[in-house]
């Protein structure tokens, strides 16, 4: 579907969370979406990078899956239990025996050959306070760089490795994980396949090093790029409530789940839409 920046929103009213990223789509009903709603949500996703829905109390797991499927094929994450009846649903649960560990800036599954288009996260059980999720605009993070650095970065490739996070989390040796998910190479600056915009595409969770660069120099440059996501000017912060969902464009932004609610319970369900292979288009 071609990106149309002029799409009019008739099924909801966008309410900005910050000047540069994020909008609540007020009035949207996800229980029985039609083609018009799907088209408008996709346009809003491309415009705001992450969109939020409130008061979806009647939404079932099956409807959550159906809504996500309207945007593409669904992924199955390796952390999903094998005997789960709906393998496309990744349940993220923390409480007194499990402190939240998603508290770093990252793009999801960049260790895949074709990382995800985006994810739709639904609140199941929430702490009374805390557990917010933050999002950061990586297009703006690129555009604010010095032009000379932009040009250098556009010629670079980085290696992404699942074992950086999931070797410990899944209790598996890196070599075993690499048999199924070998490290993948992606451009340091990717072109968004629908908007045509350039953005920083490295993240502290899964990016290992920049090819052809001394390791220390690579680490220093990556650290600088990682910290671009930390700037509040590029961010929005979403405070969850019962019936809330977030849908983020994994190709355009990074996110961070605040782990400030321990030992209280926070349970979320995530459904992820498959994406395509990142590329850099020098003509854009």
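The values are calculated or read from the model by the stated rules, or taken from the named source; none is laboratory data. Quick caveat, the model's predicted, so the values are computed rather than measured. Heads up, the Cβs are rebuilt from the backbone with ideal geometry, glycines too, and the neighbour counts pull from every protein chain shown.
For residues that are touching a strand residue (DSSP E or B) at 6+ places or on another chain (Cβ under 6 Å) and within 24 Å of residue 21 (Cα to Cα), scanning just the range 138-169, find the one that is surrounded by the fewest Cβ atoms within 10 Å (Cβ to Cβ).
Selected residue: 154.
Of all the residues that make up the range 31-74, how many are within 20 Å of residue 267 (Cα to Cα) and in a loop (DSSP other than H, G, I, E, B)?
Total meeting the criteria: 7.
Quick one: in the range 225-273, of everything that is assigned to a loop (DSSP other than H, G, I, E, B) and under 12 Å from the mean Cα position of the chain (by Cα), which residue is nearest to residue 106 (Cα to Cα)?
Among those residues, the one meeting the criterion is 250.
Suppose the filter is surrounded by fewer than 13 Cβ atoms within 10 Å (Cβ to Cβ), farther than 18 Å from residue 274 by Cα, modelled with pLDDT of 95 or more and over 16 Å from the mean Cα position of the chain (by Cα); does residue 55 pass it?
Judged against the criteria, residue 55 is not a match.
If residue 213 satisfies all but one of (1) more than 21 Å from residue 104 (Cα to Cα); (2) out of contact with any helix residue (DSSP H, G or I) (no Cβ under 9 Å at 6 or more places or on another chain); (3) surrounded by 14 or more Cβ atoms within 10 Å (Cβ to Cβ), what's the number of the condition it fails?
Here residue 213 meets the rest and fails (2).
Determine which member of the set 280, 262 is surrounded by fewer than 20 Cβ atoms within 10 Å (Cβ to Cβ), at pLDDT 95 or above and closer than 18 Å to residue 156 by Cα.
Working: 262 fails: closer than 18 Å to residue 156 by Cα.
Result of the check over 280, 262: 280.
All but one of (1) surrounded by 20 or more Cβ atoms within 10 Å (Cβ to Cβ); (2) closer than 23 Å to residue 53 by Cβ; (3) out of contact with any helix residue (DSSP H, G or I) (no Cβ under 6 Å at 6 or more places or on another chain) hold for residue 122, so report the exception by its number.
So residue 122 meets the others, but not (3).
Determine whether residue 25 is out of contact with any strand residue (DSSP E or B) (no Cβ under 9 Å at 6 or more places or on another chain), surrounded by 18 or more Cβ atoms within 10 Å (Cβ to Cβ) and free of Cβ contacts under 8 Å to residues at least 40 places away in the same chain.
no
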